[in-house]
Structure formats: C-alpha cells, structure tokens
1. Suppose we flag trypsin sites (Lys or Arg not before Pro) only when DSSP calls them loop and at most 15 other Cβ atoms lie within 10 Å. Which is the longest uninterrupted stretch of the chain?
2. When you have a sec, figure out the Kirkwood radius of the chain from all distinct Cα pair distances and drop it here in Å to one decimal?
3. Note the count of lysine pairs whose C-alpha atoms are less than 21 angstrom apart in the chain, limited to pairs 8 or more residues apart or on different chains.
4. Just the accessible area for TYR85, please: 1.4 Å probe, Å², rounded to the nearest 10?
5. Tell me the mean residue ellipticity at 222 nm calculated for the chain from its helices only (DSSP H runs of n ≥ 4, each -39500 (n - 2.57), averaged over every residue, nearest 500).
6. Over the chain, give the accessible area per residue in Å² for a 1.4 Å probe, as an integer.
7. Starting from the Cα-Cα distance between HIS96 and LYS47, subtract it from 0.36 nm times their residue separation and give me the gain in nm to one decimal.
8. Report in % the part of the accessible area of the chain that belongs to carbon and sulfur, leaving out ligands and nucleic acids; probe 1.4 Å.
Amino acid sequence: MKKSELYLKAGHPDTHADDLRELARHEHHEVRLRVAEHANAPHDLLKTLASDQHPEIRTAVAEHPSASAAMLEQLARDEHVDVRYALAENSRLPLHLLRLLAQDENAYVSYRAAKTLRRVEGIDAATKIESAEEAAKKIG
C-alpha cells in the first residue's frame, strides 16, 4: 500500500484498533502522526507514541483528549520545546503541570503556561463565586 493510502487509512474514523497499532509502527512519521491524532487511538498505543522519536507525534499525543495523566506528566518534561509549548496551551492540563511549565527554562513555554494558568484560574475563581452566590440565594 502507498504511503498516501496508509495516511488516509490512519485517519479514517472506522479504522480498527489493530490496524492503528500496525500503522503506528510505520517508518514514515506522517502515518504515525495520523494514528496519534486518531480519535479512537487506544490508550496503549498513545502510551507508545508518547515516546516516539518524532516530536510532532509526541505533540499530537499531548493534545489528544484521551492522553492519560501519566502521559501528560512525561510530555511536560519532554526534551523538545514544541511538545512542552503545546502542553502549555492546554487549558485541560492539570494545574500542577501548568505550574511546572510556567517555570520552564524556555521563555515561550513559561509565558504560554503562565497565560493559560491565569485564564484557567480565572475561570475557576468565577465558577466558585457563581456557586457561592447561588448557594447564598438558596439560604437567603
């Protein structure tokens, strides 16, 4: 099968998990990237791809909604700045990892993480205030 056909297969929503596992071992990183971006990529496959040699694939795992806390923890300490930067933009990242990235040696990563952290903490604070106001209304 041609690389372009494998690329399309790796991105198709009906591709079976066993086929994704096979495609994740492909020599071309573009095919592995499509697997890492696949909505139905199994956890064990994402875990393997989180250690892929290509930073673009690790970035895709970092952005995947099914990436586990352990994967995110590993990727927050990734050697490649682009992987850490992608995580620093993720508002669903656990706060302790955003705080870690806000202390990153790379100024772009630390700035982005601090900005995301302020936004997330602002949302959390606003939600807490709304909840407190609603609770007060019920009491009063």
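1. So the longest stretch without any such site is 26-76.
2. 16.5 Å
3. 4
4. The accessible area of TYR85 comes to roughly 70 Å².
5. Estimated from H runs of four or more residues: -21000 deg cm²/dmol.
6. Accessible area per residue, the chain: 62 Å².
7. 15.6 nm
8. Heavy-atom surface of the chain belonging to carbon and sulfur, 1.4 Å probe: 52 percent.
The values are calculated or read from the model by the stated rules, or taken from the named source; none is laboratory data. Source: prediction; values computed, not measured. Glycine gets a Cβ as well: all are built from the backbone with ideal geometry, and neighbour counts include every protein chain shown. Each accessible area value is taken on the protein alone, full model and side chains, heavy atoms only, with ligands, DNA and RNA left out. Shrake-Rupley method; radii C 1.70, N 1.55, O 1.52, S 1.80 Å.
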